[in-house]
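The values are calculated or read from the model by the stated rules, or taken from the named source; none is laboratory data. Treat the numbers as computed from the prediction; the structure is a model and nothing was measured. Cβ placement follows ideal geometry from the backbone for every residue including glycine, while neighbour counts extend to all protein chains displayed. Surface areas here come from the heavy atoms of the whole protein model, side chains and all, with no ligands, DNA or RNA. Shrake-Rupley method; radii C 1.70, N 1.55, O 1.52, S 1.80 Å.
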Amino acid sequence: MRDHTEIRLGEYASGRLDWEQLTPRDVDRLRALQARGRLTLDADRSGWRLKADATVGVLVLDRVRLVVEPKFAIPGERLISWLAYALNAPAPVPATSRRWATAPDGYADLVAAALLEQCEKLVRDGLRRDYVRRQSLEPVLRGRLDFAAQATRRYGQLDQLHIRAFDRETDIWDNRVLGTAVRAAIPLTTHSDLARDLHGIAGVFPHDTTPDAALRALDRIQYTRLNSRYRPAHTWARLLLRGGGITDLLTDNGITAEGLLLPMPDLWEAVVRRLAAQALAPYGGHAVPSSGENGITVRGDLGNASNFRPDVLLSLPGTGTGQRRLLPVDAKYKRYDRHGVSAADVHQLLTYSVGYTPAGAPSSVIVHPQIGGHAHRVLRIDGPRDGLGEIHVLGVDTQVPPEQAADWIGTTLR
């Protein structure tokens, strides 16, 4: 890794940089991230003021290595298990059983470790080979003779033959994308042992492709019984090459180099979608689309119609009548373990309750992260004539494994 000045910020925290610490290219990259609401960069008389939002990870600039640590709700070492849960990918083995330490940087090094672990497993099992078409000059005929090349380049001489043949090789896209991702992970790591192991495994995989080409290939790859074992490694490779996690932060703006930034609200929404579906599956519940015929639409206003869509809409077994009922669930990446639910969120969840749940018992669910144990409270909204609905506020302890949190949610809501 190149020698950079390291600047560490906590989530939602701010810091100062001197004028010379940011190059014009750095400013362009940070402005692009600011346009997407991921951070704030301001200039004053003494230099730059950088404020992090709900985005954590590492951004390697020309002169500065910026590390935004997860300070809110999800500790660094536990963050990777929640990310793996949201991506439905295998989490790396615990840091204590590895050859390097991962706690100081949490997210970035753990993602690199996860990719390395999957690549090592593929190498142990043997890299997949497939037939690749090659053109070569050989002393004997193998495959098909390239008559045009033989006539125009060898002028009828037969001591060397231009041939076209198919050989089973590891130089295929399944392996190429991993070689490119491993090399992209090396500048993001801080621990020498991890960087050394990444260098070692990088030499095993072909890599003559750019990150953009690798991403396009990952989007095209179809998984069959021949390459299904590559899916976990490709998941971590896609995350590293795109520079984000649940959504892309850098490539959408043409900024692809040496960044690994995760938007925490998007991560929490993805986590809650899987948590809710998994929690109530044992009780006959499953997620259904919240758009189309299940959508809540506002019409008649100026401009286009607007929609209300909960993050998760669950279909649950009915009681008595046998008809199934709907339950809206919304993810809120907010400190609702420390302060009350905002009026805007109450209005939003009441709309969901009226739109989806029975008139006699309108209800909805908020799921937010917290530390120090699970918590459940019920907000009851009353009007002058009758009750308007209930909002169940579930605080999920992010220090426990996601599967344990899913069991608690299922027990609470069943």
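Could you list all residues from segment 311-342 that are over 30 Å from the mean Cα position of the chain (by Cα) and either on the phi < 0 side of the Ramachandran plot or among the hydrophobic types (A, V, I, L, M, F, W, C) (or both)?
Listed by number, the residues that qualify are PRO317, GLY318, THR319, THR321, GLN323, ARG324, ARG325.
Being under 24 Å from ALA405 (Cα atoms), open to solvent by 40 Å² or more (accessible area, probe 1.4 Å) and touching a helix residue (DSSP H, G or I) at 6+ places or on another chain (Cβ under 9 Å) is a property that holds for LEU326. All of (1) assigned to a helix (DSSP H, G or I); (2) crowded, with 17+ Cβ neighbours inside 10 Å hold for PRO282 with one exception: (2). Could you please let me know if LEU239 is closer than 18 Å to GLY259 by Cα and open to solvent by less than 70 Å² (accessible area, probe 1.4 Å)? So LEU239 fits the description; yes.
Filtering ILE391, ILE409 for residues that are in contact (Cβ under 8 Å) with a residue 24 or more places away in the chain, of a type in the set (Val, Ile, Thr), within 23 Å of SER291 (Cα to Cα) and surrounded by 21 or more Cβ atoms within 10 Å (Cβ to Cβ) leaves a single hit, ILE391. Would you check which residues across segment 194-215 are within 14 Å of VAL177 (Cβ to Cβ) and either loosely packed, with under 14 Cβ neighbours inside 10 Å or small (Gly, Ala, Ser) (or both) and list them? The answer is ALA202, ASP208, THR210, ASP212, ALA213, ALA214.
Applying the criterion of being surrounded by fewer than 21 Cβ atoms within 10 Å (Cβ to Cβ) and closer than 13 Å to GLU20 by Cα to the residues of segment 50-63, the residue that is farthest from the chain's Cα centre (by Cα) is ARG63. Once segment 336-359 is narrowed to residues that are part of a loop (DSSP other than H, G, I, E, B) and at pLDDT 90 or above, the residue that is least open to solvent (accessible area, probe 1.4 Å) is TYR336. If only residues of segment 298-321 that are surrounded by fewer than 12 Cβ atoms within 10 Å (Cβ to Cβ), closer than 22 Å to ILE391 by Cβ and polar (S, T, N, Q) are counted, the one that is modelled with the highest pLDDT is ASN307.
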